[in-house]
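Provided herewith is a single structure, encoded as structure tokens, for subsequent inquiry.
What follows is calculated from the coordinates using simple rules that are stated; it is not laboratory data. Everything quoted here is computed from the prediction, not taken from an experiment. Cβ coordinates were reconstructed from backbone atoms using ideal geometry, including for glycine residues, and neighbour counts include every protein chain displayed.
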Amino acid sequence: MNSLTRRLTLPFVAFVVAGSLALVLWIGVEEQRQSREQFAAMARTNAAFIRSQNLPASERTAQALGEVLGVRVYFLDALNEWTPPGSGWDKTSTAEYQALPAEGGVFSPEISTEAAVARIAQGRSLVLLRAAEPLTEFLFRPRTLGVLGAFWALSLALAWVLARGIVRPLRGFVARLPHIAEENSEPLPEASRTDEIGQLARAYDSTRTQLADERRAREQAERLATLGKMTTGLAHEINNPVAAIKLHTQLLEAEVAGAHDERLSIILAETAKIESLVSQWMFLARPQPPQLAPCDLADLISASVKTLTPAAAHANVKIINQLTPGLIVNGDRRRLAQAFDNIIINAIHAMSARGGELKIECRVTSDKGRKNIISFTDTGAGFSSAAIAKGTELFFSEKEGGMGIGLSVTSEILRAHGGELRLANAASGGAEVSLHLPAAN
Ligand code: ADP
């Protein structure tokens, strides 16, 4: 037996035993009192009968009545004369007898005898005598056993409620506590209780959430550290040849103007993509504080839309930009442009199979400071529930060949600007990515 059960069982058993004894005693005393009351009532009824029938207080009457009632019967007058004489005792002067009210009652002239006295007339009483029933006679009668049974049933119910309400949840905690830091640990159902067990469950849950957050942050930091090592080496290896390709393409552009313009601009666009990718890696590996300056979000987004319109057209995606200039924020133009590019590229990818529309809108709120909320809503299949929960985690990707960097970088960029990125699905089913950015004063 574990120690909490033992701790509860011992006092509980003591309570049941003491309670049972007290009950037995109380019922016994009560039964005895009732029996004495009945005896007194018997004396009163018979005294009234003698009075109404005008029976003589004679030895014969006493004998006849004694046979009917099964007790010894006497008449006692004011001079302390007993009829029939020789009752075997003459203790009517006992304090108990003196204390009886005028109409009579029950008293014990001797330890083994009970006498019920009732007044017949002025100066004359009827006395019934019987052997006294000791308390033990009354202890285990059917009524006592019934009440005891009910008390035990209640005690068992109480034990069950205690076990269910305290011991069982505590056992649940003990079983779950070693797994609190695991990824799929679950909240405790007792958290909704208002008592101490509920407090314990809530403390467990908040520790669980805290540990989960810490685990996520640690994993992210580990991933970043790995990425940092990789990136620093790779960036150097990639940037140099890319810079050379870019430089020579630009030289060629000047030399062979007109003839190969389209192909050269494709090479430049592709090198720009490589540069942007490397720049994203570098940003994640060694994030720099943003270089803030007032800039218009509408201008930045228009520029991203312009750059990505050919890719969108190729995927049969129409970009509907509904922003109007004047959305001024304090931001890092290069980083913000990177964030918008990432979101638009993701939307184009999400709709590349069947084409669709990407709508860009803005609403300004003044809830907790003035904010611009830019939403990008597409008509693709929308985010999966895993992507909504973990889309901004580094390396989370559901795309074939995807690296899972875009949304993570975007979210970091927004955070560095005091804003946030939110992922949701629009009522129409497509993905809705919204950027919350504080407006410049
Ligand atoms: P990657 O594009 O390399 O997968 P991201 O971080 O840009 O990495 O995106 C993470 C995941 O979020 C994607 O793999 C995809 O599952 C989901 N996602 C992003 N944008 C959209 C979108 N517009 N519609 C549906 N899912 C999206």
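For a quick protection proxy, order the peptides 118-125, 10-17, 222-229 by their average other-Cβ count within 10 Å, most packed first.
On the way: 118-125: 16.2, 10-17: 11.9, 222-229: 14.2.
Result, highest mean first: 118-125, 222-229, 10-17.
Mean Kyte-Doolittle hydropathy of 0.5 or higher plus an axial Cα length of 18 Å or more: which whole DSSP H helices in the chain meet both? Walk me through the intermediate numbers first.
Numbers: long enough: 3-53 (75 Å, 0.33); 142-162 (30 Å, 1.48); 196-255 (82 Å, -0.58); 261-285 (36 Å, 0.52); 297-314 (25 Å, 0.77); 333-351 (27 Å, 0.16).
Long hydrophobic helices here: 142-162, 261-285, 297-314.
Which entries in the list 229/399; 359/399; 318/359 go over 19 Å, if you measure between the two C-alpha atoms of each? Let's see the in-between values first.
Values: 229/399 24 Å; 359/399 22 Å; 318/359 8 Å.
Cα-Cα > 19 Å for 229/399; 359/399; rest within.
Within the range 277-399, what percent of beta bridges assigned by DSSP are antiparallel, to the nearest 5? Don't skip to the answer; put the middle values down first.
Working: 12 of 17 bridges.
The antiparallel fraction comes to roughly 70 percent.
In percent, how large is the relative contact order of the chain, given Cα pairs closer than 8 Å and 6 or more residues apart? Spell out each step's value before the answer.
Working: 553 pairs, mean separation 40.8, N = 441.
After rounding, I find 9 percent.
Could you tell me the calculated FRET efficiency between residue 424 and residue 151, based on Cβ-Cβ distance and R0 = 60 angstrom, to the nearest 0.05? It would help to have the intermediate numbers written out before the result.
Values: r = 61 Å, r/R0 = 1.01.
My answer for the efficiency is 0.50.
Arrange the peptides 129-135, 214-220 so that the one whose residues have, on average, the most other Cβ atoms within 10 Å appears first. Please report the intermediate quantities before stating the final value.
Details: 129-135: 14.7, 214-220: 12.4.
Put in order of decreasing packing, that is 129-135, 214-220.
Another question about this same structure. Over 18 Å, how big is the tail of the calculated P(r) for the range 1-146, in percent of all Cα pairs?
Values: 6658 of 10585 pairs.
Here the long-distance tail beyond 18 Å is 63 percent of all Cα pairs in the range 1-146.
Each label point is 7 Å from the Cα along the Cα-to-Cβ direction; what then is the distance between the points at residue 232 and residue 303, in nm?
Using points 7 Å along Cα→Cβ, the separation is 3.0 nm.
Among 312, 388, 271, which residue has its Cα furthest toward the positive end of the charge dipole of the chain, with +1 on Lys/Arg Cβ and -1 on Asp/Glu Cβ?
Positive-end residue among those listed: 388.
Just to be sure I understand: if I project the alpha-carbon convex hull of the range 317-396 onto a plane and average over all orientations, what area do I get in nm²? Before the final figure, lay out the partial values.
Values: hull surface 26.8 nm².
So the Cα hull casts an average projection of 6.7 nm².
Dividing the convex hull volume of the Cα atoms of the chain by its residue count, what figure in Å³ per residue is obtained? Display every interim value, and only then the final one.
Working: hull volume 131.0 nm³, N = 441.
Residue-normalised Cα hull volume stands at 297 Å³.
From the residues 20, 115, 340, which one has its Cα farthest along the dipole of the chain in the positive direction, the dipole being from +1 and -1 charges on Cβ of Lys/Arg and Asp/Glu about the Cα centre?
Checking the options against the dipole of the chain, the answer is 115.
A further question on this structure: Would you tally the net charge around residue 291, using a Cβ to Cβ cut-off of less than 9 Å, leaving residue 291 out, and scoring K and R as +1, D and E as -1?
+2
Sticking with this structure for a sec: Work out the P(r) tail for the range 282-334: percent of alpha carbon pairs separated by more than 18 Å, whole number.
Details: 680 of 1378 pairs.
When all Cα pairs of the range 282-334 are counted, 49 percent exceed 18 Å.
Here is a follow-up. In debye, nearest 20, what is the charge dipole magnitude of the chain about its Cα centre with +1 on Lys and Arg Cβ and -1 on Asp and Glu Cβ, if you could check?
Working: 45 positive and 46 negative charges, 71 e Å.
Value, rounded to 20: 340 debye.
Can you give the helix-only mean residue ellipticity at 222 nm for the chain, where every DSSP H stretch with n ≥ 4 adds -39500 (n - 2.57) and the sum goes over all residues, rounded to the nearest 500 deg cm²/dmol?
Working: 12 runs with 239 residues, N = 441.
Theoretical 222 nm ellipticity from helices: -18500 deg cm²/dmol.
How much length is gained if the chain between residue 26 and residue 81 is pulled fully straight, taking 0.36 nm per residue apart and subtracting their Cα-Cα distance, in nm to one decimal?
Details: separation 55, 0.36 × 55 = 19.80 nm, distance 3.89 nm.
Gain on extension, residue 26 to residue 81, equals 15.9 nm.
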